[in-house]
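Rule-based calculations on the coordinates, nothing more; no lab input. Keep in mind it's a predicted model, so treat the numbers as computed, not measured. Neighbour counts are summed over all protein chains in view; Cβ atoms, including those assigned to glycine, are modelled from backbone coordinates with ideal geometry.
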Amino acid sequence: TPGVTPLVAGNWKMNGTAASLGEIRDVCAGLDHKDALPHETLLCLPATLIERAASVAADSVLSIGGEDCHPLESGAHTGDISAEMLADAGATAVIVGHSERRTDHSETNALVADKAKAAWRAGLSAIVCVGETREERESGNAENVVASQLAGSVPDAMNAANTVIAYEPVWAIGTGLVPSGDDIEAMHALIRRIMTERFGSEGEGVRILYGGSVKPANAKEIFSIANVDGGLVGGASLKASDFLAICEGV
Ligand code: PEP
């Protein structure tokens, strides 16, 4: 999208221990030897790794993010982590509404919107995930589902700096399946239209990432599609060499 700095974001999910910090070190080394990157890079990590990864990446162009947050700042919510805690550990962004959270933890659009607001309250940018299931696509409802997820999950105070939209068809996550280029283009055009109608120039400038089985072999082609402003990468972000190769595709 003209005037928009693309973003390549990784999502490690429930993977990684101290032994994985070497991958972060390798990502930083690989990114930093390039002079002026045409895009931003982010790795969203399990909360246990954020502080150590942020310290590894301190002098690098790589940013570190969280994978989820609680809507509140603090309180009696055993096991939960607030956006303020993520920021305190060195995160600059957080994923909200990933399909695995929507499914495993029954997260609603309203809860996802509250989490996005919590991210902003803590000074983080929110990566709001949307996407249809296989059944929803096969029954012709993909557009309606994504439109209603956007309406319910993106709060009114969204702007192009505090929010990133990630379109992740659920059936493409971790499956090796990817929609056709035409289907990605059509959905990203719809998301752009919806965001622009509701938010004006902020919607025109918001980054819309594609996620779902992005890998080195398909990244360049996907990132060249209109209104695809980078990617959200799961499995292929766990290995520095794969993540770096995907970043090359922007
Ligand atoms: C994700 O979970 O955000 C994702 C896109 O996963 P994968 O790249 O492994 O399909």
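For this structure, a couple of remarks:
- Less than 5 angstrom separates the built amide H of residue 233 from those of 9, 10, 11, all sequence-distant by 5 or more or on a different chain.
- Across 77, 98, 39, mean-square fluctuation computed from a Gaussian network of the chain (C-alpha pairs under 10 Å connected) peaks at 77.
- The value given for the chain is a Kirkwood hydrodynamic radius of 17.8 Å, derived from the mean inverse Cα-Cα separation.
- In order along the range 5-17, the Karplus-derived 3J(HN,Hα) couplings, from 6.51 cos²θ - 1.76 cosθ + 1.60 at θ = phi - 60°, round to 7, x, 10, 10, 10, x, 9, 7, 6, 8, 9, x, 9 Hz, and Gly and Pro are given as x.
- If you run the Gaussian network model on the chain, springs between alpha carbon atoms under 10 Å, then out of 65, 79, 22 the most flexible one is 79.
- The 3J(HN,Hα) values that the Karplus relation (6.51, -1.76, 1.60; θ = phi - 60°) gives for the range 167-177 are, in residue order, 8, 10, x, 4, 6, 9, 7, x, 10, x, 8 Hz. Gly and Pro appear as x.
- R0 of 25 Å, Cβ-Cβ distance residue 193-residue 156: FRET efficiency to nearest 0.05: 0.90
- Principal axis box of the range 1-135, alpha-carbon based, largest edge first, Å: 42, 36, 29
- Each helix, a run of at least 4 DSSP H residues, gives -39500 (n - 2.57); summed and divided by the residues of the chain, these come to -12500 deg cm²/dmol at 222 nm.
- Take the Cβ atoms of residue 29 and residue 175, set R0 to 35 Å, and the FRET efficiency comes out at 0.65.
- Counting other Cβ atoms within 10 Å as a rough exposure proxy, the listed residues 156, 242, 183 run 156, 183, 242 from fewest neighbours to most.
- Spatial separation of Cα centroids for the range 168-229 and the range 98-125, in angstrom: 20 Å
- Residues whose amide H falls under 5 Å from that of residue 164, counting only those 5 or more places apart or on a different chain, are 126, 127, 128, with hydrogens built in the peptide plane.
- GNM result for the chain, Cα springs below 10 Å: residue of 176, 235, 66 fluctuating most strongly: 176
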